[in-house]
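Trainee: Take a look at this one; I'll ask things after.
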Amino acid sequence: MTSQAIRLGVYSPQDIVREGIVSLLSKHPDKVTVAHTLRRPATRPEVVLYDAMALLEGDTRLLSHLIEVTTSKVLAVGRGLLPDLVGRALRTGVDGSSPSSPRRRSS
């Protein structure tokens with residue numbers, strides 16, 4: 001069975017985070033095509049990875065636009081030190097969330 005790579009958007013207020021995610025995903029071109037970033041708008045992505053850190057300053061306009069106007073599924077990516085930002089993104093209406101750091105396994 002063959003499947004097309006999904007078109008993915010990556011949004012982050014921090015260049016290092018955005019470029020890091022794009023770099024990691026670019027290693028899997030058969031599964032993911034980065035179709036849109038804040039720096040490189042292009043085709044409409046099917047899925048958007050939204051860095052919840054963007055909500056730190058309280059501006060929800062971009063997130064609201066992604067949720068209300070686009071057909072993209074929006075996934076909030078969180079940071080371990082600021083988990084309340086993911087909660088805010090979920091309350092705003094994102095389709096799901098993922099922490100950016102893995103959970104530690106208990107021994």
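The values are calculated or read from the model by the stated rules, or taken from the named source; none is laboratory data. In this text, all values refer to a predicted model and were calculated from it rather than measured experimentally. Heads up, the Cβs are rebuilt from the backbone with ideal geometry, glycines too, and the neighbour counts pull from every protein chain shown.
Trainee: Take the residues in the stretch 42-72 that are exposed (fewer than 13 other Cβ atoms within 10 Å of the Cβ) and of a type outside the set (S, T, N, Q); name whichever of them is farthest from residue 97 (Cα to Cα).
Mentor: This residue is 42.
Trainee: Also: Filter the stretch 79-88 for residues that are in a helix (DSSP H, G or I) and touching a residue at least 24 places away in the same chain (Cβ under 8 Å); which is surrounded by the fewest Cβ atoms within 10 Å (Cβ to Cβ)?
Mentor: Out of the qualifying residues, it is 88.
Trainee: Would it be correct to say that residue 8 is at pLDDT 90 or above, surrounded by 15 or more Cβ atoms within 10 Å (Cβ to Cβ) and not small (Gly, Ala, Ser)?
Mentor: Taking the combined requirement at face value, the residue satisfies it.
Here's the yes/no breakdown for (1) part of a strand (DSSP E or B); (2) under 14 Å from the mean Cα position of the chain (by Cα); (3) of a type in the set (A, V, I, L, M); (4) modelled with pLDDT under 90:
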{"site": "27", "(1), (2), (3), (4)": "no, no, no, no"}
{"site": "34", "(1), (2), (3), (4)": "yes, yes, yes, yes"}
{"site": "58", "(1), (2), (3), (4)": "no, no, no, yes"}
{"site": "77", "(1), (2), (3), (4)": "yes, yes, yes, no"}
{"site": "90", "(1), (2), (3), (4)": "no, yes, yes, no"}
{"site": "94", "(1), (2), (3), (4)": "no, yes, yes, no"}
{"site": "103", "(1), (2), (3), (4)": "no, no, no, yes"}
{"site": "107", "(1), (2), (3), (4)": "no, no, no, yes"}
